[in-house]
Amino acid sequence: MTKLRITWVKSGIGYSVDQKRTLSALGFRRLNQNVTHHDLASIRGMINKVRHLVKVEEKTDEAE
């Protein structure tokens, strides 16, 4: 299954509360932090909402 490595690259200060909550829901606690999630439609929707604040890389796991 494909996984997404998401990096928080820009601060949420000055953006709406729902975007800050989306960052929190993705699992971010601090700037420049990386989180890994499975490539699901719900996660893609969350990334789309904060796409200007994060960087996304796709990873495939052949070992699993």
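The values are calculated or read from the model by the stated rules, or taken from the named source; none is laboratory data. Because the structure is a prediction, the values reported are computed rather than measured. Here the Cβ positions follow ideal geometry from the backbone for every residue, glycine too, while neighbour counts run over all protein chains shown. These accessible areas exclude ligands, DNA and RNA; they are computed on the full protein's heavy atoms, side chains included. Shrake-Rupley method; radii C 1.70, N 1.55, O 1.52, S 1.80 Å.
Hey, can you find the accessible area per residue of the chain for me, probe 1.4 Å, expressed in square angstrom?
69
Using only the alpha-carbon atoms, what does the chain span along each of its principal axes? Please give whole angstrom values in decreasing order.
41, 22, 16
Between beta-carbons, use under 13 Å as the cut-off and find the net charge around Gln19, counting Lys and Arg +1, Asp and Glu -1.
Charge balance near Gln19 sits at +4.
Rounded to the nearest 500 deg cm²/dmol, what is the calculated helix-only ellipticity per residue at 222 nm for the chain, with -39500 (n - 2.57) per DSSP H run of length n ≥ 4?
Taking each H run of at least 4 residues, the total per residue is -8500 deg cm²/dmol.
Going by alpha carbons, how many degrees (0 to 90, nearest 10) lie between the helix axis of 17-26 and the longest principal axis of the chain?
The answer is roughly 30 degrees.
Could you please state how large a percent of the accessible area of the chain is carbon and sulfur, counting protein chains only and using a 1.4 Å probe?
Heavy-atom surface of the chain belonging to carbon and sulfur, 1.4 Å probe: 48 percent.
In the chain, how many lysine pairs have Cα atoms under 18 Å apart, counting only pairs 8 or more places apart or on different chains?
So the count of such lysine pairs works out to 7.
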